[in-house]
Amino acid sequence: MDGKPVPTALPGKGKVTMEPREVVSTWVDAFNRGDADALAGLYTADAVNHQVPEAPVTGRAAIREMFAAEFDRAEMVCIVENLFQDGEWAILEWRDPGGLRGCGFFHVRKGKIVFQRGYWDKLSFLRQHGLPIPPG
């Protein structure tokens, strides 16, 4: 086996759904294109995305708006360092070209992200992109 996840069929549906690791790989590709629509399409309608330095964002439409706003604000690149899967969870360890590092945990059911939590340093991100630092 080449290490790539194998799509599995949903019982009685004949449809093929992506494994969590494959969903996150697709997520990284869409993120690196700055494609908020493609990213939003990977989430369930009631998904939660909680980037720990920020308040949780709930719902596909709100998640799409979050990504669109962030892509307008800064050019971001996700370089995969490690991508693991454990059951319904995928774990992503990443870095960017400027040296920022972080990790994300994605809960995936039936090929869609239902919950995501990300850990990264907001102050380093703001400094790296020359963005204003909010008053303390």
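The values are calculated or read from the model by the stated rules, or taken from the named source; none is laboratory data. Since we're looking at a predicted model, the values are computed, not measured. Cβ placement follows ideal geometry from the backbone for every residue including glycine, while neighbour counts extend to all protein chains displayed.
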Tally of residues being of a type in the set (D, E, K, R), part of a loop (DSSP other than H, G, I, E, B) and out of contact with any Pro (no Cβ under 9 Å at 6 or more places or on another chain) across the stretch 87-136: 2
Those residues of the stretch 109-134 which are under 17 Å from Ser25 (Cβ atoms) and touching a Phe, Trp or Tyr at 6+ places or on another chain (Cβ under 7 Å), in sequence order: Lys112, Ile113, Gln116
Asp37 being modelled with pLDDT of 95 or more and either under 20 Å from Gly130 (Cα atoms) or assigned to a strand (DSSP E or B) (or both): no
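Give the stretch 100-136 a look and list any residue that's basic (Lys, Arg), over 19 Å from Pro56 (Cα atoms) and touching a Ser or Thr at 6+ places or on another chain (Cβ under 7 Å), or say none.
Of everything in the stretch 100-136, just one residue is basic (Lys, Arg), over 19 Å from Pro56 (Cα atoms) and touching a Ser or Thr at 6+ places or on another chain (Cβ under 7 Å), namely Lys110.
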Qualifying residue in the stretch 53-62 (condition: modelled with pLDDT under 95 and either over 15 Å from Gly118 (Cβ atoms) or among the acidic types (Asp, Glu) (or both)): yes
Meets criteria (farther than 23 Å from Leu123 by Cβ, surrounded by 12 or more Cβ atoms within 10 Å (Cβ to Cβ) and out of contact with any strand residue (DSSP E or B) (no Cβ under 7 Å at 6 or more places or on another chain)) for Arg64: yes
Failed item, numbered, when Asp46 is tested on (1) crowded, with 16+ Cβ neighbours inside 10 Å; (2) closer than 16 Å to His107 by Cβ; (3) of a type outside the set (Lys, Arg): (1)
Test: residue in the stretch 113-121 that is surrounded by 14 or more Cβ atoms within 10 Å (Cβ to Cβ), under 18 Å from Gly34 (Cβ atoms) and of a type in the set (Gly, Ala, Ser): yes
